[in-house]
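These notes are about the structure you will find just below.
The values are calculated or read from the model by the stated rules, or taken from the named source; none is laboratory data. If you're wondering where the values come from, they're calculated on a predicted model, not measured in any experiment. A quick note on method: Cβ atoms are made from the backbone with ideal geometry, for glycine too, and the neighbour counts reach across all protein chains shown. For the accessible areas, the whole protein counts, side chains as well, though only heavy atoms, and no ligand, DNA or RNA atoms are used. Shrake-Rupley method; radii C 1.70, N 1.55, O 1.52, S 1.80 Å.
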Amino acid sequence: MSTSPVLVARQGIFTSSGQPVAYEFSYRSCHGESLGASEWNAHQHERATSHVLAATFGRADLERVANGRLLFVRCTRAYLVGELPVPRRPDRLVIVVPDTVPIDAEVLAGVRRLRTEGYRFALPSFVSSPAQRRLLPHADYVKVDVRDLDVEGHPVVTLARSYGASLIAEYVETPEAMAHARDLGLTLFQGNLLERAGVLDRASAQIVD
């Protein structure tokens, strides 16, 4: 009997010397959904998060896809405020807070609680929005879109590192973008220049409770 695919995308996060230090996992559908993530509603984002967490931490052979490294996963509001449980792996899970999540007092309280439990946090596509500035003191990683560096440049990078977070240059597509990010002091890198996201099928891995 055939097994339905359980797909998830994985892309590495690298040091300037090309050493992988983490992986970011994201949703992939086996049904050919036509809507892009930017058009999803809250329920669709929540379902995508549930799928990624189940395909990674919910399977027995995590190390086959993690290789001992940190795993970055975007988590919706329900996970941040405790309505849905995050995997009990604060040693491995880095919670990425999407910019679609409104940052209110309940979310901030949830982030603080999860940090006391040992979880690390990442902010994607940092542009110094009011919501991002509220989360910045709690971020262990801040991701800066290298496509914005010509416009944003030093001020955004300086703010991004002001609380001690490690900076990740994301969407690195060219050697020039990589060099520019290095010149601005970014030390971690993610993008197709280094590695294209690969799609993994987790259907054969045993489900764990």
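Give the long-range amide H neighbours of Ile168: residues separated by 5 or more places, or on another chain, with amide H under 5 Å away, using H modelled in the peptide plane at 1.01 Å from N.
Val142, Lys143, Val144
Give me the mean projected area, in nm² to one decimal, of the convex hull enclosing the Cα positions of the stretch 49-136.
In nm², the orientation-averaged hull projection of the stretch 49-136 is 5.6.
State the percentage of accessible surface on the stretch 54-105 attributable to carbon and sulfur atoms; use a 1.4 Å probe and exclude ligands, DNA and RNA.
53 percent
If I model a spin label as a point 7 Å beyond the Cα along the Cα-Cβ vector, how far apart are those points for Asp183 and Arg89 in nm?
About 3.9 nm separates the two model spin labels.
At 7 Å along the Cα-to-beta-carbon direction for both Arg64 and His154, put a label point, then send me their distance in nm to one decimal.
Placing both labels 7 Å beyond Cα along the Cβ direction yields 5.0 nm.
With a 1.4 Å probe and all protein chains left in place, how much accessible area per residue does the stretch 75-209 have, in Å²?
Normalised by residue count, the accessible surface of the stretch 75-209 is 49 Å².
If you project the alpha carbons of the stretch 166-209 onto their three principal axes, what span does each projection cover, largest first, in Å?
Principal-axis extents of the stretch 166-209 (Cα, largest first): 45, 21, 9 Å.
How large is the helix-only mean residue ellipticity at 222 nm for the chain, computed as the sum of -39500 (n - 2.57) over DSSP H runs with n ≥ 4, divided by its residue count, in deg cm²/dmol to the nearest 500?
Counting only the DSSP helices, I get -8500 deg cm²/dmol.
If you take every DSSP beta bridge whose two residues both sit in the chain, what share of them, in percent to the nearest 5, is antiparallel?
About 40 percent, rounded to the nearest 5.
How large is the accessible surface of Arg120 in square angstrom, using a 1.4 angstrom probe and rounding to the nearest 10?
70 Å²
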